[in-house]
Amino acid sequence: MSLPKQVKIVEVGPRDGLQNEPSELTVATRVALIEALADAGLRTIEAGSFVSPKWVPQMAGSAEVFAALKPRAEVTYTALTPNLQGLEAALAAGVKEVAVFGAASEAFSQKNINCTIAESLARFEPVARAALDAGVAVRGYISCVVGCPYQGAIEPAAVASVAQQLLDMGCYEISLGDTVGVATPNRVTALLEPLQATISTRQLAVHFHDTYGQALANIYRALEMGVATVDSSVAGLGGCPYAAGASGNVATEEVVYLLNGLGIEHGVDLNALARAGAAISAQLNRPNGSKVGRALAG
């Protein structure tokens, strides 16, 4: 299959990235980051999460973040809503797209949210139904699609089962998350081929972590297989919580640089993106997790 002519980048730094950073940022700093990302040309940005601040203090104040964002017709600001209470708060904040988050690993589901995969999906069904009834789009995430820190390798059939159930409850797209970053291109092929046999490739996105330095190679393999939606995080925000000292999300700067080199359209200004990455890294007092960002900074 030939490479896609255009790729949609889903920027997850302000949510998936920041919630895995030890520092808690002010609402104003988070808003400034999101606005800078939108200015750089990103059109789908995960801006927050409506979960209890007791569990995820980095996402406290997400309603205030959404209220402060400048409305842009061309930009979709999304939020994670794991339950009906979170969805109600998101709807009150004017969120137009939400996400629910399942796992392909029974062990991970038990450790992470203290229930089986089937129980987690049963919890998400009323959330998805209520969101759709309110005219809000729903995206589904699946974690541990290749490997699990507790269970080891994951069978593609388990991923396919969860993906189909999320689609059946109304999710328009499934983001396939390599949560611990153990995938290699051959394992990406083994994952995608059976999924593509029953699910439209247009409904699949990839979300690779760079724990072992394989994320870009895995993204390239997914592009070769026709996937045209890629999740990434500015400045590589968000460490991997299961491997001490390891990097987490692939940096958006790296993805944009790759797409530029391949001649694939994406609509993002790399220099503006790199400035946003440098600024948030300075705010967090941490090294910039993007090699491209560091190279552009000279």
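For the range 85-105, check the following and say yes or no: at least one residue is in a loop (DSSP other than H, G, I, E, B), farther than 26 Å from Y257 by Cα, more than 18 Å from the chain's Cα centre (by Cα) and not small (G, A, S). Among the residues of the range 85-105, not one is in a loop (DSSP other than H, G, I, E, B), farther than 26 Å from Y257 by Cα, more than 18 Å from the chain's Cα centre (by Cα) and not small (G, A, S), which makes the answer no.
I need a count of the residues in the range 128-149 that are outside any strand (DSSP E or B) and touching a Ser or Thr at 6+ places or on another chain (Cβ under 6 Å). Can you show your working first?
Looking only at the range 128-149, we keep the residues that are outside any strand (DSSP E or B), and these are 128-136, 144-146, 149.
Checking which are touching a Ser or Thr at 6+ places or on another chain (Cβ under 6 Å) leaves us with 144.
Here the count works out to 1.
Selection of the range 256-278 for residues being surrounded by fewer than 17 Cβ atoms within 10 Å (Cβ to Cβ) and either touching a Ser or Thr at 6+ places or on another chain (Cβ under 8 Å) or of a type outside the set (D, E, K, R) (or both) yields N260, G261, L262, G263, I264, G267, N271, A272.
Within the range 196-211, track down each residue that is outside any helix (DSSP H, G or I), surrounded by 16 or more Cβ atoms within 10 Å (Cβ to Cβ) and not charged (D, E, K, R). Working first, answer last.
First, the residues of the range 196-211 that are outside any helix (DSSP H, G or I): 199-200, 204-211.
If we keep only those that are surrounded by 16 or more Cβ atoms within 10 Å (Cβ to Cβ) too, we end up with 199, 204-211.
Within the range 196-211, I199, L204, A205, V206, H207, F208, H209, T211 meet the criteria.
Of all residue pairs spaced 6 or more apart or on separate chains, those with beta-carbon atoms under 6 Å, a first member in the range 45-63 that is surrounded by fewer than 18 Cβ atoms within 10 Å (Cβ to Cβ) and a second member that is of a type in the set (D, E, K, R) are P57/E24. Within the range 26-37, the set of residues being surrounded by fewer than 20 Cβ atoms within 10 Å (Cβ to Cβ) and of a type outside the set (D, E, K, R) comprises T26, V27, A28, T29, A32, A36.
Within the range 279-295, the set of residues being surrounded by 13 or more Cβ atoms within 10 Å (Cβ to Cβ) and closer than 21 Å to I45 by Cβ comprises A279, I280, S281, Q283, L284, R286, N288, G289, S290, V292, G293.
The sole residue among E253, E224, E193 that is surrounded by 21 or more Cβ atoms within 10 Å (Cβ to Cβ), at pLDDT 95 or above and of a type in the set (D, E) is E253.
The set of residues in the range 41-63 being at pLDDT 95 or above and farther than 24 Å from L273 by Cα consists of F50, A63.
For the range 212-221, a residue qualifies if it is assigned to a helix (DSSP H, G or I), surrounded by fewer than 21 Cβ atoms within 10 Å (Cβ to Cβ) and small (G, A, S), and exactly one does: A217. When K54 is tested against the conditions (1) of a type in the set (D, E, K, R); (2) within 23 Å of H207 (Cα to Cα); (3) in a loop (DSSP other than H, G, I, E, B), the lone failure is (2).
The values are calculated or read from the model by the stated rules, or taken from the named source; none is laboratory data. On a predicted model such as this, the values are computed, not experimentally measured, just so you know. Positions of Cβ are backbone-derived with ideal geometry, glycine not excepted, and every protein chain shown enters the neighbour counts.
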